[in-house]
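Some notes on the structure that comes next.
Bear in mind that the values in this text are calculations on the coordinates, not laboratory data. Predicted model only: the values in this text are computed from it and were never measured. Neighbour counts are summed over all protein chains in view; Cβ atoms, including those assigned to glycine, are modelled from backbone coordinates with ideal geometry.
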Amino acid sequence: MKRPPDLRLTAQRLAALFLLGCALFNYPMLALFNRPLAVLGVPMLYAYLFGAWLLLIALMALAIERRGD
């Protein structure tokens, strides 16, 4: 079964975002932000986690909406 080229490109982009998410939410990156500091009153680790999560969601929306370019 052969998929159209735009679906393959979208699938490749989503796979790359999955790998980026794995890197962002594992040990080396989490240790960098696990400091006793606050960003606008929010602990730095939580600010990083929710910021990275928001970034991944935005990038996934872009990858899905930008088909066939």
Fill in the blank from the handout: The set of residues whose placed amide H lies less than 5 Å from the amide H of Val39, leaving out same-chain residues fewer than 5 positions away, is Met44
Exercise for the section: Any chance you could give the angle, 0 to 90 degrees and rounded to 10, that helix 5-24 forms with the longest Cα principal axis of the chain? Expected result: 20
Practice task
Note the direction-averaged projected area, equal to a quarter of the hull surface, for the Cα convex hull of the chain, in nm².
Solution key: 5.7
Handout entry: Positive-end residue, the chain charge dipole about Cα centroid, Cβ charges, pick of Ile57, Ala15, Ala47
Key = Ala15
Exercise for the section: Could you state the angle between the C-alpha long axis of helix 44-65 and the longest principal axis of the C-alpha atoms of the chain, as a value from 0 to 90 degrees rounded to the nearest 10? Expected result: 10
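Let's see if you can work this out: charge +1 on each Lys and Arg Cβ, -1 on each Asp and Glu Cβ, no other charges. What is the dipole magnitude of the chain about its Cα centre, in debye to the nearest 20?
240
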